[in-house]
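Notes to accompany the following structure.
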Amino acid sequence: MKFRLTTLWLAAIAIAVAAAMSASAASAAPLFHAESEPVTFKGTSSNNTFITNAGEVACSTSSFSGTNSTKTSTTATLTPAYSGCKAFGLIGATVSTNECSYVFHLVEGSSPPTAIVDIECPAGNEITIEAIGCVVHVPAQSGLGHVVFANKGTKATRGLEATVTVSGITYTATGGCPSAGTASNGVYSGTVTIQGFNSSSIQQGVWVE
């Protein structure tokens, strides 16, 4: 009887440990996944919008690129490029990223998978948005929310859809802007389709879970 109780006790401990490990793994999710390493991310979008006190600038064509060295990661860094931008829907505008990148940090335990965003720039650089003499300067900053990720497609062609609704962006409007000065109410929104490619430029599945 004593042997049986000891065995049952050990089994109970094993079950408890397994449950704790499973709960820990669940809370640590989500992660960015790729079928191979390194993986190159390439993203495209046709509806990126920037809103500040100086007005609204919308870009019809946007691309994003970045590389992860491992198959799984809690972060992904993408460098953007924008074209076909207009202010107030009519006036030509330019969004210059000046080697700045977006760093997505997946939030532990988030469901659907959600990331907060950092804007990283080389020393002395910043993102600038310019139209008819008005220039909006967006410096490096961190902890912006948020971006929600969804998996699209299957197997080698599966990729990600990122729904961007980032608010609380700090910027300074200068030049001929209607509302010059510094504020922290900037909003960046859009939907980005992201695919993965291996070192031979062959498409590889990427997903988040």
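For the reader, a short list of remarks on this structure follows.
- Which numbered condition PRO112 misses (of (1) more than 30 Å from SER36 (Cβ to Cβ); (2) modelled with pLDDT of 95 or more; (3) in a loop (DSSP other than H, G, I, E, B)): (1)
- Subset of the stretch 80-97 (residues that are under 22 Å from the mean Cα position of the chain (by Cα) and either surrounded by 17 or more Cβ atoms within 10 Å (Cβ to Cβ) or touching a residue at least 60 places away in the same chain (Cβ under 8 Å) (or both)): PRO80, TYR82, CYS85, VAL95, THR97
- Here the strands (runs of 3 or more DSSP E) wholly within the stretch 132-209 that include at least 2 residues being more than 19 Å from the chain's Cα centre (by Cα), surrounded by 15 or more Cβ atoms within 10 Å (Cβ to Cβ) and modelled with pLDDT of 95 or more are 134-138, 159-175.
- Reported count of residues in the stretch 122-131, each being more than 19 Å from ILE51 (Cβ to Cβ) and outside any loop (DSSP other than H, G, I, E, B), is 0.
- Residue identified as of a type in the set (Ser, Thr, Tyr), modelled with pLDDT of 95 or more and touching a His at 6+ places or on another chain (Cβ under 9 Å) among THR74, THR94, THR49, THR67: THR74
The values are calculated or read from the model by the stated rules, or taken from the named source; none is laboratory data. Not measured: the values here are computed from a predicted model. A quick note on method: Cβ atoms are made from the backbone with ideal geometry, for glycine too, and the neighbour counts reach across all protein chains shown.
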